[in-house]
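Here's the structure, in structure tokens; my notes come after.
A short reminder: the numbers here are calculations on the coordinates, not readings from a lab. None of the values given here were measured: they were computed from a predicted structure. Cβ placement follows ideal geometry from the backbone for every residue including glycine, while neighbour counts extend to all protein chains displayed.
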Amino acid sequence: MIDKKIQSLIMDQVKDLMIPAENVAYVFDFNSLYHALLVLTQVAYTMIPVVNKEGKICGLVSTNQIIQASITTDQIDFKMIEQLTLNQIELRQAEYVTLQDNLETILHKLMTNNFLCVVDSKDQQGFIGIITRNALLKRINAFLHSNLLNDWLKNQEDLPSLDEPLKTIPKD
């Protein structure tokens, strides 16, 4: 469990880390694979969110998924890229958080994802933005290099040694 004081120094609320939807590259499920490929190429991302016309998250699409969906036995069928829409292919399931989630949840999910979709609620899943792993790492880096951490540590008595718990963490 992350200490609440440390959490508040890194992130008071999810919005502190969130890039709002209006500043995020995403596509609609009725867009063609060609359109999605163009967007992915223009923004130089490997994966982007897919939303429906109601603004709800449908999943994520990557360049690789688009290519895989258009491969025949011996070639890439470019007509298929133009004709198929995103709601006709299997999308990757999006990992998401809500505005009510905490730093620990976000950190845990970002360990295996480059970004998380932020939704209005777990039931409605209305897309309101993303949190990138990079944004969180920048916050943690700033915190670790700030005087706030030093000041906080000076006021603690007999902090436990982190050596033992860290030895149990796999090194991948």
Please work out how much length the chain gains when fully extended from Phe143 to His108, using 0.36 nm per residue of separation minus the C-alpha to C-alpha distance, in nm with one decimal. 10.8 nm
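Which longest uninterrupted range of the chain lacks any trypsin sites (Lys or Arg not before Pro) assigned by DSSP to a loop state (not H, G, I, E or B) and surrounded by at most 14 other Cβ atoms within 10 Å? Write down the numbers at each step before the final one.
Working: sites that count: Lys53, Lys122, Lys171.
Value returned for the longest uninterrupted segment is 54-121.
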For Ile71, Ile131, Ile81, what's the fewest-to-most ordering of other Cβ within 10 Å of each Cβ? Ile71, Ile81, Ile131
Magnitude of the Cβ-charge dipole (Lys and Arg +1, Asp and Glu -1) of the chain about the Cα centre, nearest 20 debye, reported as 200 debye
Extension reserve of the Gln7-Asn23 stretch, reckoned as 0.36 nm per residue once the Cα distance is removed: 3.2 nm
In Å, the C-alpha Rg and Dmax of the chain are 20.1, 67
Under 5 Å, built H, 5+ apart or other chain: amide partners of Phe28: Val51
